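Right, one structure below, let's go through it.
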Amino acid sequence: MRILLIGPPGAGKGTQAARLAAHLSIPHISTGDLFREHIDQGTELGQNALTHIRGGFLVPDEVTTGVIKECLARPDTERGFLLDGFPRNLAQAKALDGILADSESRLDAVLDLEIPEDQVVSRIAGRRLCRQDREHIFHVDYSPPEVAGVCGFCGGELYQRDDDREATVRRRLEVYRTETAPVVDHYQAQGLVTTISALGQVHEVLNRALVAIGRGQVDASGTSS
Ligand code: AP5
Ligand code: MG
């Protein structure tokens with residue numbers, strides 16, 4: 001399946017994308033994670049991206065679309081993929097339409113995660129990421145690690161993202177409203193969008209997503225039924 005996950009910062013895109021991608025055995029492609037990987041490796045692309053990410057602005061389209069084009073050319077995306085954080089404006093959506101048309105494929109579903117802004121702020125304030133393993137996302141209150149500051153999966157150090165300061169989060173929300181929300185309308189016109197409440201426990205949100213794409217259900221432990 002070719003799925004796109006969209007929603008404001010802190011809605012839980014990364015949290016759900018990791019679970020959905022594992023459930024469907026398809027790669028999880030997050031432009032935010034790819035940029036953070038470049039930043040950690042000190043590449044030129046990473047240094048360029050950082051200047052935009054720090055302020056809560058979008059990385060320029062030509063850079064972002066180039067990164068995605070490269071990812072979608074990989075053989076592991078032939079059976080499908082889950083895009084998280086791309087496209088983020090209409091120009092990127094049109095570029096994706098073109099990339100898919102060139103390979104005679106199309107999206108199967110767009111899942112739009114909906115969440116009130118006050119919830120976003122508390123989710124982002126408590127978020128912790130692992131420096132080694134980008135797929136596991138923690139929250140100091142909602143999904144705390146067993147040992148504070150340590151990833152329970154690989155033992156890596158947990159850290160807070162640079163762009164998770166309140167002023168930057170406010171800017172990211174504004175960018176979402178003005179630039180990304182129209183992308184939902186773009187795909188709504190193609191009949192692809194299901195809006196899902198991002199409230200409730202992680203497995204409840206996951207089940208809403210699975211229902212939307214016509215797949216099974218999981219229990220609280222993540223086991224399929
Ligand atoms: P990106 O990394 O994509 O950030 P974002 O869209 O702002 O979204 P987040 O990653 O902050 O939130 P999320 O929805 O993934 O939530 P999460 O699952 O972590 O992009 C960062 C920057 O990179 C952008 O600002 C931009 O500069 C640049 N960029 C990226 N893509 C780009 C593009 N296409 N074009 C241009 N620039 C681009 O969850 C948040 C917290 O909530 C976690 O702590 C989690 O544990 C907790 N949580 C999740 N679900 C639940 C739940 N159900 N209940 C309680 N807590 C929960
Ligand atoms: Mg994310």
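Checked against the criterion of being more than 12 Å from ligand 1 (Cβ to nearest atom) and under 21 Å from Val175 (Cα atoms), the candidates Lys94, Lys13, Lys69 yield just one match: Lys94. The set of residues in the range 27-49 that are farther than 17 Å from Ile6 by Cβ and either in contact (Cβ under 8 Å) with a residue 40 or more places away in the chain or of a type in the set (S, T, N, Q) (or both) comprises Pro27, Arg36, Glu37, Asp40, Gln41, Thr43, Gln47, Asn48. The residue list Asp76, Asp112, Asp84, Asp141 contains one member that is under 20 Å from Gly32 (Cα atoms) and out of contact with any strand residue (DSSP E or B) (no Cβ under 7 Å at 6 or more places or on another chain), which is Asp76. Among residues of the range 76-90 that are in contact (Cβ under 8 Å) with a residue 24 or more places away in the chain, those with a Cβ under 6 angstrom from a residue that is of a type in the set (Val, Ile, Thr) and open to solvent by less than 10 Å² (accessible area, probe 1.4 Å), sequence gap 6+ or separate chain, pair up as Phe81/Ile29; Leu82/Ile3; Leu83/Ile29; Gly85/Thr31; Phe86/Thr31; Phe86/Ile68; Pro87/Val183; Arg88/Thr180. The condition (being within 14 Å of ligand 2 (Cβ to nearest atom) and free of Cβ contacts under 8 Å to residues at least 24 places away in the same chain) is satisfied by just one residue among Phe153, Phe138: Phe138. No other residue among Pro182, Pro144 is touching a helix residue (DSSP H, G or I) at 6+ places or on another chain (Cβ under 8 Å), over 22 Å from Thr51 (Cα atoms), at pLDDT 95 or above and not polar (S, T, N, Q) apart from Pro182.
Restricting Gly191, Gly152 to residues that are over 19 Å from the mean Cα position of the chain (by Cα) and away from ligand 1 (no atom under 14 Å from the Cβ) narrows the list to Gly191. When residues in the range 50-71 are screened for being surrounded by 14 or more Cβ atoms within 10 Å (Cβ to Cβ), without any contact (Cβ under 8 Å) to a residue 40 or more places away in the chain and farther than 17 Å from Asp162 by Cβ, 7 of them pass.
The values are calculated or read from the model by the stated rules, or taken from the named source; none is laboratory data. Everything numeric in this text was worked out from a predicted model, so none of it was measured. Please note: Cβ atoms are built from the backbone with ideal geometry, for glycine as well, and neighbour counts cover all protein chains shown. These area figures cover heavy atoms from the full protein model, side chains too; ligands, DNA and RNA do not enter into them. Shrake-Rupley method; radii C 1.70, N 1.55, O 1.52, S 1.80 Å.
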